[in-house]
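Student: Okay, here's the structure, questions in a sec.
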Amino acid sequence: MEKAAEKIDLVWGAEEIAKVIGRSVRVTFHLLTTGAIPAKKVGGRWVIERNKLIAFFMEDAA
């Protein structure tokens with residue numbers, strides 16, 4: 001049986017999050033620090049589950 005944690009695809013760091021959403025690192029960092037993107041800071045690095053990040057932007061587009 002697979003563990004649920006093995007299915008989680010996390011995106012770590014503002015740089016990687018920026019690549020996923022197609023924005024500059026500067027804009028992405030601003031969105032992260034203002035809470036516009038529902039990410040969390042863990043050990044000094046931003047992290048968000050890839051599916052949640054994509055779903056968040058898809059909701060805004062609809």
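Student: Which one of Ile8, Ile37, Ile17, Ile48 is surrounded by 14 or more Cβ atoms within 10 Å (Cβ to Cβ) and at pLDDT below 95?
Tutor: Only one candidate qualifies: Ile37.
Student: What pairs can you find where one residue is in region 9-28 and on the phi > 0 side of the Ramachandran plot, the other is of a type outside the set (A, V, I, L, M, F, W, C), and their Cβ atoms are less than 8 Å apart, with a gap of 6+ or different chains?
Tutor: Close Cβ pairs (under 8 Å, with a partner that is of a type outside the set (A, V, I, L, M, F, W, C)) amount to Gly13/Arg45.
The values are calculated or read from the model by the stated rules, or taken from the named source; none is laboratory data. As the structure is a prediction and not an experimental result, all values here were calculated from the model. We place every Cβ from the backbone using ideal geometry, glycine too, and count neighbours over all the protein chains shown.
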